[in-house]
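Novice: Take this structure first; my questions come after.
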Amino acid sequence: MSSGNRSEEAVDVQKSYEVRTYGCQMNVHDSERLSGLLEDAGYVRAPEGADGDADVVVFNTCAVRENADNKLYGNLGRLAPMKTKRPGMQIAVGGCLAQKDRDTIVKRAPWVDVVFGTHNIGKLPVLLERARIQEEAQIEIAESLEAFPSTLPTRRESAYAAWVSISVGCNNTCTFCIVPALRGKEKDRRTGDILAEIEALVAEGVSEITLLGQNVNAYGSDIGDREAFSKLLRACGKIEGLERVRFTSPHPRDFTDDVIAAMAETPNVMPQLHMPMQSGSDRILKAMRRSYRQERFLGIIEKVRAAMPDAAISTDIIVGFPGETEEDFEQTMHAVREARFANAFTFQYSKRPGTPAADMDGQIPKEVVQERYMRLSALQEEISWDENKKQVGRTLEVMVAEGEGRKDGATRRLSGRAPDNRLVHFTQPEQPVRPGDVVTVEITYAAPHHLLAEGTPLAVRSTRAGDAWEKRTTAAAEPAGVMLGLPTIGAPAPLPAASAPACGIG
């Protein structure tokens, strides 16, 4: 049976799919592609909360999070009896863990039908069809990128905010990170293709985009243009209807003055920066193979604040890297005090098989790592609260979000993101307001992780993004989506603190 016939059959019987995503923003973006591919092949999204009750269940995995493999096999184990009871059900495993473990997955979970890697996500429908016809598992791991992900069909999870991938892979060799080995060397996308995708998204109603790359500001390394990223930011500023531009995650090594100037001088590039520091100790940074030192990192922060005084800066920090002494940790604490991050995502180091750091001497006892982690978290919590208190009394334009405020229903509030990506809860205005619309509010209270605007909103601006949201949600034929972790508004909310780096990004 041809793939084309399979598509027709899938439509007739309404075969359903579910995608479960783990890990970083790159995986979330890849899952949009996987969903688009499956829908293009005739599948329909399973209802929210299907929990494996679908004809095809796809796991898009991460190899960076602690115990990622145990979690995968635990979830696969729970699906095994469901697969036995449901003839024709298929299970596919992709992403970084699939790229790394390959044949191991089918050996440990022989009921898996398809294993595919990070470089060939476009093959999923074909592999599912082949597995069905041949009645045996299909394992296909490409060693290099077959097609840039953005050329594949996409099912966007938001009507008004979108990821736009500008590069894949990474040329860095950080000793704690396995992602470059799984994602490959950096490959940049043509600038014209990036801008064409953004323009098409804006035409559909999207008002905010997030430029995405494993090392986003190294963009241009393929062609030897060190200013390519700043030129791209400026080009985004010329796209009519594009209200907000963000990017994640940059590397301090490539954070040059022209990027700072482009951010400051391009009105729709938001005053927000998430730049992973990882450690404040020069000795540990060297052991991590991070190509900057504390002075260089803090110097970038100083330049950013000089150009954009209202910028909110966040970071990632690893606590307990092999060989970290109390003096090294105190250097990290010092850097945090100096940088005054709006937010920091702190991770307790744990071994990652396949990384140089896993075999280093000086592995730190778990209890020491935990104690340092708690001290750093307490310091950052204090700083975050102090920085948020500076927002009280300010008037901010908040882009309304969907699902950002867990207590919105009970408090009759709505939530959204300020230009600097701070989360704002505000009083629901009398007039109708939709996700994607913009509300002007005055901040009256600050907590460490959110702001509150308790008064009546000063203004409400309906937007094309709100129109796009309304059109999507009122389309009767559109099934309920399974949220993959994509932001409902604005830039992706940074991943919560965990016991390991959430990704190799940055």
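The values are calculated or read from the model by the stated rules, or taken from the named source; none is laboratory data. Everything quoted here is computed from the prediction, not taken from an experiment. In this analysis, Cβ positions are derived from the backbone assuming ideal geometry, glycine residues included, and neighbour counts consider all displayed protein chains.
Novice: Only strands (runs of 3 or more DSSP E) wholly contained in segment 239-321 count here; list those with 2 or more residues that are charged (D, E, K, R). So that I can check it myself, show each step before the final result.
Specialist: On the way: elements: 244-248, 272-274, 312-319.
Output list reads 244-248.
Novice: While we're on this one: Looking at segment 187-235, which of its residues are aliphatic (A, V, I, L, M), surrounded by 15 or more Cβ atoms within 10 Å (Cβ to Cβ) and more than 22 Å from the chain's Cα centre (by Cα)?
Specialist: To start, the set of residues in segment 187-235 that are aliphatic (A, V, I, L, M) comprises 194-196, 198, 200-203, 206, 209, 211-212, 216, 218, 223, 228, 232-233, 235.
Imposing the further condition that a residue be surrounded by 15 or more Cβ atoms within 10 Å (Cβ to Cβ) reduces the set to 194-195, 198, 201-202, 206, 209, 211-212, 216, 218, 228, 232-233, 235.
Once the filter is applied, which keeps residues that are aliphatic (A, V, I, L, M), surrounded by 15 or more Cβ atoms within 10 Å (Cβ to Cβ) and more than 22 Å from the chain's Cα centre (by Cα), segment 187-235 yields ALA228, ALA235.
Novice: What are the pairs, 6+ residues apart or on separate chains, where a residue within segment 188-215 that is under 16 Å from TRP469 (Cβ atoms) has its Cβ under 8 Å from a residue that is acidic (Asp, Glu)?
Specialist: These pairs meet every condition: VAL202/GLU240; GLY205/ASP467; SER207/GLU243; GLU208/GLU243.
Novice: Let me ask another. Of all the strands (runs of 3 or more DSSP E) wholly in segment 387-458, which have at least 2 residues that are of a type outside the set (A, V, I, L, M), at pLDDT 95 or above and under 21 Å from ALA161 (Cβ atoms)?
Specialist: On the way: elements: 395-400, 413-417, 423-427, 438-442, 451-453.
The strands (runs of 3 or more DSSP E) meeting that bar are 413-417, 423-427.
Novice: What number goes with the only condition from (1) in contact with a strand residue (DSSP E or B) (Cβ under 8 Å, 6 or more places away or on another chain); (2) more than 24 Å from VAL392 (Cα to Cα) that LYS351 does not pass?
Specialist: (1)
Novice: A further question follows. Can you name the residue in segment 124-146 that is assigned to a loop (DSSP other than H, G, I, E, B) and free of Cβ contacts under 8 Å to residues at least 24 places away in the same chain and is also farthest from ASN60 (Cα to Cα) among such residues? Give the steps one after another, and end with the answer.
Specialist: Let us first name the residues in segment 124-146 that are assigned to a loop (DSSP other than H, G, I, E, B), namely 135-137, 141-146.
Next cut, free of Cβ contacts under 8 Å to residues at least 24 places away in the same chain only: 135-136.
Details: GLU135: 22, GLU136: 21 Å.
Checked segment 124-146; the qualifying residue farthest from ASN60 (Cα to Cα) is GLU135.
Novice: The conditions are (1) at pLDDT below 90; (2) within 25 Å of the chain's Cα centre (by Cα); (3) of a type outside the set (A, V, I, L, M, F, W, C), and ASN5 fails exactly one of them. Which is it?
Specialist: Result: ASN5 fails condition (2) only.
Novice: Can you name every residue in segment 10-60 that is assigned to a helix (DSSP H, G or I) and polar (S, T, N, Q)?
Specialist: Filtering segment 10-60 for residues assigned to a helix (DSSP H, G or I) gives 10-13, 25-40.
Hits for segment 10-60 are GLN25, ASN27, SER31, SER35.
Novice: Can we say ARG422 is surrounded by fewer than 15 Cβ atoms within 10 Å (Cβ to Cβ) and basic (Lys, Arg)?
Specialist: Values: surrounded by fewer than 15 Cβ atoms within 10 Å (Cβ to Cβ): no; basic (Lys, Arg): yes.
No: the conditions fail for ARG422.
Novice: May I pose another question? How about segment 435-450: which of its residues are closer than 20 Å to VAL206 by Cα and crowded, with 20+ Cβ neighbours inside 10 Å?
Specialist: Once the filter is applied, which keeps residues that are closer than 20 Å to VAL206 by Cα and crowded, with 20+ Cβ neighbours inside 10 Å, segment 435-450 yields PRO435, GLY436, ASP437, VAL438, VAL439.
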